[in-house]
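Single-structure report; data block below.
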Amino acid sequence: MTDQPRETHERWVLGTELTWAFGVGVLVAATISIIVFTALTLNINPPSNVERIDPKTLHLSGEFSEQNLGTLVAADGTVTARIIATQFAFVPHCIALPRGRPVTLRLASPDVIHGILITGTNVNTMVVPGYVAQVHTEFTKSGELLMPCHEYCGLGHSEMWATVQVLSAAEFKPDSDGRVSCARR
Amino acid sequence: MPVDQPRPAHNPLEESHIDEVALSTVLRTVPLGAAVLAGSAVALVVLGYLAIYLFVFLPRGIVG
């Protein structure tokens, strides 16, 4: 090959590689833009909450004592469900939540690392002892959804699951204390 | 003529005449094919990502 065609060819190869690198750059930028756009406009973010709690005493007093567990509708209408994830059960075992309203799930563990997901939704978080896991979401469909532990936590891990009962506005009736329990079906 | 006489090794490179112009043409075409193949593969992955994002992830609702 003479020098002239080789130089032309190498320039052409360099051009191809630069074009490809530009295309990859555009794809990476588009993917990051989609993530940022979704976060800003649709409020879809990875759940992130850094809040410490003492796992040795969380059941004795305060937010995660027994009488505070389950779903509570505050005076301003905000819905919060407090759940303890422990070997090998969720307390309470059934969580009643409304459809079409923003809800907050707050979870804590007194023993080992657990994790939750709610089937058919984007709810998915770890529950690490020493921290409060918090997820904001809004359910779009009524029905019973499975909430299994998705982080291996011991021999009974496969038996560790709860039910999320998503109720319509007519069915979601808080009592005088603002508490809502699962409807019997 | 003996049947089992060893024959000299066949070396195709010795016999073929490599035309510089033809070689240059091939070297132009091969990277183009690689680019088309890689582009198609990346396009399929991107389409799969967009399909899962639009038809699975977004309908599952907000979370944060």
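Read the figures in this text as sums done on the coordinates, not as results from a lab. Since the model is a prediction, treat every value here as computed from it, not as a measurement. Note that we place each Cβ from the backbone using ideal geometry, even for glycine, and neighbour counts take in every protein chain shown.
Remark on A:Val123: its backbone amide H falls under 5 Å from those of A:Ile118, a criterion applied only to residues 5 or more positions apart or on other chains, H modelled at 1.01 Å from N. Taking a point 7 Å from the Cα of A:His59 along the Cα-to-Cβ direction, the residues of the range A:69-95 with backbone N closer than 17 Å to it are A:69-70, A:82-94. If a/c stays under 1.5 just call it rounded; otherwise compare a/b with b/c (prolate if a/b is bigger, oblate if not). Do that for the range A:55-180, with a ≥ b ≥ c from the square roots of the Cα gyration tensor eigenvalues. Oblate is the answer for the range A:55-180, as a/c is 1.5 or above yet b/c matches or exceeds a/b. Here B:Ala43 and A:Ile35 are evaluated by their C-beta separation; at R0 = 30 Å the FRET efficiency comes out at 0.90.
Backbone geometry of the range B:46-53 corresponds, through the Karplus equation with coefficients 6.51, -1.76 and 1.60 at θ = phi - 60°, to 3J(HN,Hα) couplings of 5, 5, x, 4, 5, 4, 5, 4 Hz, x marking Gly and Pro.
Relative to the dominant Cα principal axis of chain A, helix A:3-37 is inclined by about 20°. By residue number, which cysteines of the protein assembly as shown lack any other Cys whose Cβ falls under 4.7 Å from their Cβ? So, A:Cys149, A:Cys153.
Ellipticity at 222 nm from helices only: DSSP H runs of n ≥ 4 in chain A, each -39500 (n - 2.57), divided by the residue count, give -7000 deg cm²/dmol.
Measuring between their Cα centroids, the range B:15-62 and the range A:19-72 lie 35 Å from each other. Within the shell of other residues whose beta carbon sits under 12 angstrom from the beta carbon of A:Ala89, the net charge comes to -2, with Lys and Arg scored +1 and Asp and Glu -1.
Sites listed here are GluC sites (Glu not before Pro) in the range A:1-72 whose DSSP assignment is loop and whose Cβ has at most 12 other Cβ atoms within 10 Å: A:Glu51.
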